[in-house]
Amino acid sequence: MVLQESAGAPSLSTAAGGVGDAATEIQLSRLRWAVLLLFSGYSLCNAFQWIQYSSINNIFVRFYGVSTFAIDWLSMSYMLIYIPLLFPVAWLLDKRGLRLIALAGSALNAVGAWVKLGSLKPHLFPVTVLGQVICGLAQVFILGMPSRIASVWFGSHEVSTACSLAVFGNQLGIAAGFLVPPILIPNVEDVDKLAYHISIMFFMTAGVASALFILVIIVFKEKPPNPPSQAQASILSRPPVEYSFVQSILRLLRKANFLLLMVTYGLNAGCFYALSTLLNRMVIHHYPGEEVNAGRIGLTIVLSGMAGALISGIWLDKTKTYKQTTLVVYIMSLMGMIVYTFTLSLGHLWVVFLTAGLLGFFMTGYLPLGFEFAVELTYPESEGTSSGLLNVSAQIFGTAFTIGQGKIMDHFGTKAGNLLLCSVLFLGTIMTAFIKADLRRQQANLENEQT
């Protein structure tokens with residue numbers, strides 16, 4: 001069940017000159033891919049439930065008889081719930097480990113999906129809000145996991161790629177959330193037919209979420225038998241009394257480079273959240289009756305971003321150029337947003353598909369870069385804590401940008417709303433240039449290998 005990380009690399013116990021100890025050998029477990037795939041699966045399901053309302057905003061507005069802003073809040077509830085609950089969940093991740101967090105996240109995701117099945121009447125909008133809130137709770141147990149899973153289960157030569165693949169699940173879920181609802185739920189006038197089509201989507205989601213929860217119970221393990229890298233072995237060798245969760249957060253908040261990254265990550269991810277939530281409204285405004293194509297445009301943004309994330313992860317594993325890669329991707333996100341802003345209203349859907357794909361390749365592809373850069377800057381602090389702080393920043397900015405852009409679109413049009421995001425990305429690009437590439441995890445791996 002284990003493979004040597006590198007044929008020529010000595011184990012930690014051998015390097016120390018001691019007797020070979022199985023607990024300190026640097027080895028890779030084949031189970032790591034099953035853990036990664038399973039996490040990506042229930043992360044996918046949770047992300048699908050985040051965007052499934054916004055991708056057909058106008059249909060749910062008519063079905064429940066509420067405002068577009070009320071449907072937008074179903075998306076924003078995910079962001080708001082995350083902010084106060086980050087620290088308790090991050091504490092649990094550090095104290096109780098990956099398996100408990102995986103069980104809680106997948107269980108809440110399934111429960112929320114089943115609750116939504118009780119909201120298939122127009123007057124039951126509060127029930128669908130309750131289901132979405134439960135799914136939002138599940139998200140708190142999901143978003144901070146990719147970098148932690150990558151570090152705990154994967155070797156130093158594949159950790160960035162693993163983090164990108166872990167983020168893939170979330171992005172693929174958003175892609176499915178753009179694509180599937182417009183196909184399953186046509187824009188029909190009959191309320192009973194509409195309820196029938198909505199029930200199909202809710203039943204499918206609940207079934208998948210429940211199956212994934214059962215698989216997590218059976219397959220998901222806390223950690224591999226042996227540490228996968230020298231850096232992880234060093235963390236495991238620290239006496240437990242050395243670690244304090246509160247002190248860890250305080251140390252992170254005193255690191256200037258990490259604070260800069262936290263803000264710039266929040267600005268970029270916040271723009272992505274706002275764009276995803278309001279995309280249906282933007283496209284329908286310029287191309288009436290194109291709900292299905294609006295979903296396909298969202299799908300294009302996310303799929304191209306997944307390709308960007310994978311390429312970025314592989315590139316980082318080979319070059320370790322975290323600062324340079326992050327800055328280039330940020331600049332290209334800004335350029336993509338500018339091009340998208342000025343082509344949305346040209347009247348040609350194929351142009352929107354093209355520019356949205358360009359924007360998604362860089363904006364969505366940036367997300368795993370931020371996670372991995374944060375781990376490098378903050379090693380040996382917990383990956384869950386640093387990722388959690390990045391996500392809090394993203395949720396705060398995402399909520400503010402969604403509300404702000406929505407109000408600007410209502411009063412001044414879609415171009416003015418998108419210009420807000422352009423100015424935000426410009427600010428983030430300038431701030432990224434000031435982050436110093438203090439790659440502590442890479443330095444730890446090099447020092448241990450030399451020893």
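Listing for the model above:
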quantity: Stokes-Einstein D in µm²/s, Kirkwood radius over Cα pairs - the stretch 269-347 at 20 °C with 1.002 mPa s viscosity; calculated: 151 µm²/s
quantity: Relative contact order (%) - the chain, alpha-carbon pairs under 8 angstrom, separation at least six; calculated: 23 percent
quantity: Length gained when the stretch Leu92-Asp192 is fully extended (0.36 nm per residue, less Cα-Cα span); calculated: 31.6 nm
quantity: Sum of -39500 (n - 2.57) over DSSP H runs of 4+, divided by residues of the chain (222 nm, nearest 500); calculated: -26000 deg cm²/dmol
quantity: Debye intensity ratio in log₁₀ form over the Cα atoms of the stretch 244-450, taken at each q of 0.16 Å⁻¹; calculated: -0.99
quantity: Distance between modelled label sites at Thr343 and Leu250, nm, 7 Å Cα→Cβ extension; calculated: 5.1 nm
quantity: Rel. contact order, % - alpha carbon contacts under 8 angstrom, at least six apart, the stretch 306-435; calculated: 34 percent
quantity: Sorted largest first, extent of the stretch 145-288 alpha carbons per principal axis (Å); calculated: 65, 40, 30
quantity: Exposure rule at most 13 other beta-carbon atoms within 10 Å, DSSP loop GluC sites (Glu not before Pro): the chain longest free segment; calculated: 223-451
quantity: Förster radius 45 Å - calculated FRET efficiency between Thr319 and His411 (Cβ-Cβ, nearest 0.05); calculated: 0.50
quantity: Quotient of C-alpha Rg and 2.2 N^0.38 Å, computed over the stretch 226-365; calculated: 1.38
quantity: Estimated Rh, the stretch 322-391: Kirkwood, alpha-carbon pairs, angstrom; calculated: 13.5 Å
quantity: Inter-probe distance in nm under a simple model that places probes 7 Å from Cα toward Cβ, at Ala307 and Ser423; calculated: 3.3 nm
quantity: Label-point separation, Ile218 to Arg99 (7 Å along Cα→Cβ), nm; calculated: 1.7 nm
quantity: Computed accessible area, Asp94, all protein chains, 1.4 angstrom probe, square angstrom; calculated: 40 Å²
quantity: With eigenvalues of the C-alpha gyration tensor scaled by 5 and rooted, the stretch 30-228, Å; calculated: 33, 16, 14
quantity: 21 Å Cα-Cα reach of Lys221 towards lysines, excluding residues that sit fewer than 8 places from it in its own chain; calculated: Lys95
quantity: Volume in Å³ per residue [convex hull over Cα atoms, computed for the stretch 101-196]; calculated: 91 Å³
quantity: Accessible surface of the stretch 349-390 [probe 1.4 Å, protein heavy atoms]: carbon and sulfur percent; calculated: 87 percent
quantity: Given (1) 60, 29, 23; (2) 48, 28, 22; (3) 38, 25, 18, the label whose value is semi-axes √(5λ) of the Cα gyration tensor in Å derived from this model; calculated: (3)
quantity: Student exercise, the chain dipole from Lys, Arg, Asp, Glu Cβ charges, in Debye to nearest 20; calculated: 340 debye
quantity: Subset of Lys223/Lys320; Lys116/Lys407; Lys121/Lys193 violating a 20 Å alpha-carbon distance limit; calculated: Lys223/Lys320; Lys116/Lys407
quantity: Heavy-atom surface of the chain, accessible at 1.4 Å and reported per residue (Å²); calculated: 38 Å²
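The values are calculated or read from the model by the stated rules, or taken from the named source; none is laboratory data. If you're wondering where the values come from, they're calculated on a predicted model, not measured in any experiment. Positions of Cβ are backbone-derived with ideal geometry, glycine not excepted, and every protein chain shown enters the neighbour counts. Quick note on the areas: whole protein, heavy atoms, side chains included, nothing else; ligands and nucleic acids left out. Shrake-Rupley method; radii C 1.70, N 1.55, O 1.52, S 1.80 Å.
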